[in-house]
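Please read the structure below before turning to the comments.
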Amino acid sequence: MKKFLISQETTLLGPLQASTGGRINGTVNGDVKITGHLLISKTAQVRGEVYADDIEIYGQVYGNIVCTNKVVIHDKAYIKGNITALMIEIKEGAVIEGFIIKSVSPDAHIEQIPAAAESIEPEAVVAVAVAVELEKPADNDHVSVKWF
């Protein structure tokens, strides 16, 4: 199957739509709608909404992300926007300024930010990356979460 590539030296002004997966190494100033796997490399910057089946992010995204399956956010990634996905993996060191919304169906859509969050001043927003270690007890009664 063919895949697309937006090279590091390329700036795309306007939307990107493809019926195949691909990789963005450069800059996209517009919405990205992909069928398949999308990789946003460490040199990439996307300013717009991102829609794909599976997404891996190493670079920067300024916009909401909607994924019908799994999003992986790597350690140097920066996201300013909400993330809606069926599954999400966040590596330690990633920065997300926005909400994470678990979609319970593959028909994902962008959720609106709760009204209380809209009144938060930008200076008051704290970007936090959290590493979580799950411990599953032998009796399977509960799962505890350690934040560190």
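Which condition does Lys3 not pass, out of (1) surrounded by fewer than 18 Cβ atoms within 10 Å (Cβ to Cβ); (2) in contact with a Phe, Trp or Tyr (Cβ under 7 Å, 6 or more places away or on another chain), if it passes all the others?
Result: Lys3 passes all but (2).
Here is a check on your reading of the model: is Glu9 surrounded by fewer than 21 Cβ atoms within 10 Å (Cβ to Cβ) and not in a loop (DSSP other than H, G, I, E, B)?
no
Identify, please: which residue in segment 61-76 is of a type in the set (A, V, I, L, M, F, W, C) and in contact (Cβ under 8 Å) with a residue 24 or more places away in the chain and is, among those, farthest from Gly36 (Cα to Cα)?
Val66
Within segment 47-54, identify whether any single residue is assigned to a loop (DSSP other than H, G, I, E, B) and touching a residue at least 24 places away in the same chain (Cβ under 8 Å), and answer yes or no.
For segment 47-54, residues assigned to a loop (DSSP other than H, G, I, E, B) and touching a residue at least 24 places away in the same chain (Cβ under 8 Å): present.
In the list Gly81, Gly93, which residue meets the criterion of being at pLDDT 50 or above and surrounded by fewer than 17 Cβ atoms within 10 Å (Cβ to Cβ)?
None of the others qualify; the one that does is Gly93.
Mind counting the residues in segment 17-42 that are in a strand (DSSP E or B) and either aromatic (Phe, Trp, Tyr) or under 19 Å from Asn69 (Cβ atoms) (or both)?
12
The values are calculated or read from the model by the stated rules, or taken from the named source; none is laboratory data. What you see is a predicted model, and the numbers here were worked out from it, not measured in a lab. Backbone-built Cβ (ideal geometry, glycine too); neighbour counts: all protein chains shown.
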